[in-house]
Each structure stands twice: as C-alpha cells, then as structure tokens.
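Down below is the structure, laid out as structure tokens.
Derivation of every value follows stated rules applied to the coordinates shown; laboratory data play no part. This is a predicted model, so every value here is computed, not measured. Don't worry about glycine lacking a Cβ; one is built from the backbone with ideal geometry, like all the others, and counts go over all protein chains shown.
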Amino acid sequence: MQDFDTLLKNSAAAHGHLCPGQMVGVRMAMLGCRLIGLDEPTRIDQIKKLIVFVEMDRCTGDAVAYVTGAKLGRRSLKFKDYGIMAATFINLETNTAFRVISTEEARDLAPLYAPGIPEKNPRQLEAYKRMPDSVLFRVQKVRVDMSEYDLPGPTRKKVSCSRCGQVIRDNREVVRSGRILCKPCAQEAYFSEAKEITWPDMNWTPDQEEDQMFVATKALRHEGSK
Ligand SMILES: [Zn+2]
Ligand SMILES: [Zn+2]
C-alpha cells in the first residue's frame, strides 16, 4: 500500500477536496485492510478477496472506496444507508470481517489534539491526523454472511418481471402470489409516476460522424449499382 501522505493526497484529488472526512476515511481504510491482512488491496492478487461495506454516503465513504479500490462495478463496494460513520472490511479468503466505527469522542477531543487552530475544519483535519487509531475508532469483529448473489463474478441469475418485462439480475426480484416482479413493480421504487418519453436528438451516437459517413457510403454504393 502507498504511504499515508500519498494516499491522502490522491484520495482528496479524486474526492474533490481535502477534508476531515478524507483524513478519517483514509485512516479507516488503512486500519481495516491491516486488520483483515490485505496490505495491497488494489493489487490484482488481493483485489478479488476484498469486500467493503460503507454505512454512509459522506466524504469518508469516498476515501474508504479510494484507498481500498472497492467499486460498485466490481461488486466489492456495498452501500448500506445507515447514516453511521462506519465501514466493514471483509477478507473473503480467510472469512474475517471487521467493522470500523468513527467515534463521536474524536469530534469532542479535536480541540485537545490541535489546540492552536481556532477554525473547525482545519482543526479537525489536524487533530484527526494526530489522534491514535484507538481514539479515532472503535472496532468490532463481525460475521458477514455473503449471499452468492452478492459476490463478484458473472451474473448468477436472470429473470424477467411478469408485469413490465424488465430483466432482473442477481436474485433481486420479488415474488408476490407466485408472480415474479421487479422491485419498482412491487411498489418498492424510489421513484413514482414513470412515463416513457422521447427527447431531443434521441438518435445521437458518439460516433455520429462515422455513422453519417456510413450512410453516405451506402447511398453512393446504391448510386453506383444503378
Ligand atoms: Zn469531503
Ligand atoms: Zn416490473
């Protein structure tokens, strides 16, 4: 793993700014990876062993994802919307998992660790750098039973919604009175009043110029064959 300063710098760049959340998140991820014995989580031989659950959609979550290399697209990053400053680090190979929780005491103790800094944000930033892990975090050893449908790898199951026809991957369907439904059709959607629309320039493609050339070439060939 890169050293702390490099990780912090790069994590802040990816996140958009340096903030107390980056400080806490980078340290949280370093501790979590150390506890599960993955010292190079983004390296090819370790990348498939790691699953990370984050429990907040805040600055800290970005830093945890950055340092661990956990990604939604790899299915290694799981989001649980708990509103809790915590993340769980799982080593699939050894089946060990630790939940690292950012303490509220750390917030209260920030003035003590960075007494010379009056402003809140810079003070927290400095204090969270100086605090030992034991003040910044509580750690729980936990058991996480991963469903085979939540693991990385190819899609294990595909079904179609009996109401709207939408294909549903990885066992996310709902069965009501024996009927398979997607979650939106089962009234579990975050949206409502869905209406299909058309939109301006709806035939746009990124390779439009080539596309037009293709059309032009076809027209020319047509001309030639007359
Ligand atoms: Zn931030
Ligand atoms: Zn449906």
Notebook entry, point to check: Taking +1 at the Cβ of each Lys and Arg and -1 at the Cβ of each Asp and Glu, which of Gly25, Ala106, Cys161 sits farthest along the dipole of the chain towards its positive end, judged by Cα position relative to the Cα centre?
Noted result: Cys161
Check: For the residue pair Gln187 and Cys164, what label-to-label distance in nm results when each label sits 7 Å from Cα along the Cα-to-beta-carbon direction?
Finding: 1.6
Next item on the list: Grab the Cα-Cα distance for Thr6 and Arg138, subtract it from 0.36 nm times how many residues apart they are, and report the gain in nm with one decimal.
Entry: 45.0 nm
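Counting other beta carbons within 10 Å of each residue's own, what order do Glu173, Glu126 fall into, fewest first? Intermediate results must be reported in sequence, preceding the final value.
On the way: Glu173 23, Glu126 18.
Listing Glu173, Glu126 from fewest to most nearby Cβ atoms yields Glu126, Glu173.
Given the Cα-Cα distance of Ser147 and Asn171 and 0.36 nm per residue of separation, how much length would full extension add, in nm?
Once the chain is fully extended between Ser147 and Asn171, it gains 7.7 nm.
Tell me the trypsin sites (Lys or Arg not before Pro) within region 154-193 that lie in a loop according to DSSP and have at most 13 other beta-carbon atoms within 10 Å. Before the final figure, lay out each step's value.
Working: sites: Arg156, Lys157, Lys158, Arg163, Arg169, Arg172, Arg176, Arg179; in loops: Arg156, Lys157, Arg163, Arg172.
Sparse-neighbourhood loop trypsin sites (Lys or Arg not before Pro): Arg156, Lys157, Arg172.
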Note to self: Under the rule of at least 5 residues apart or a separate chain, name every residue whose amide H is placed under 5 Å from the amide H of Leu50.
What the structure shows: Leu92
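To the nearest 500 deg cm²/dmol, what mean residue ellipticity at 222 nm is calculated for the chain from DSSP H runs of n ≥ 4 alone, each contributing -39,500 (n - 2.57), summed and divided by the residues?
Details: 8 runs with 84 residues, N = 226.
Value at 222 nm, helices only: -11000 deg cm²/dmol.
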Note to self: Between region 140-179 and region 51-120, what is the separation of their alpha carbon centroids in Å?
What the structure shows: 26
Check: Using r as the Cβ-Cβ distance of Leu112 and Leu72, and R0 as 22 Å, what FRET efficiency do you calculate, to the nearest 0.05?
Finding: 0.05
Margin query: For Phe79, Phe191, Phe89, Phe98, which order do you get if you count the other beta carbons within 10 Å of each Cβ and list the fewest first?
Written below: Phe191, Phe79, Phe98, Phe89
Next item on the list: For every other residue with a beta carbon closer than 11 angstrom to the beta carbon of Val139, add +1 if it is Lys or Arg and -1 if Asp or Glu, then tell me the sum.
Entry: +3
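Counting pairs of Cα atoms in region 4-150, how many percent are more than 20 Å apart?
Values: 4780 of 10731 pairs.
Here the long-distance tail beyond 20 Å is 45 percent of all Cα pairs in region 4-150.
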Notebook entry, point to check: Taking every DSSP beta bridge that has both residues in the chain, what percent is antiparallel when rounded to the nearest 5?
Noted result: 90
Next item on the list: Report, to the nearest 10°, how far helix 4-15 tilts away from the longest principal axis of the Cα atoms in the chain, using its own Cα long axis and a range of 0 to 90°.
Entry: 40
Next item on the list: Measure nothing fancy, just the Cα-based angle from helix 20-35's long axis to the longest principal axis of the chain, in degrees from 0 to 90, nearest 10.
Entry: 90
Notebook entry, point to check: Among all lysine pairs in region 4-150 that are eight or more places apart or on different chains, how many have alpha carbons less than 27 angstrom apart?
Noted result: 24
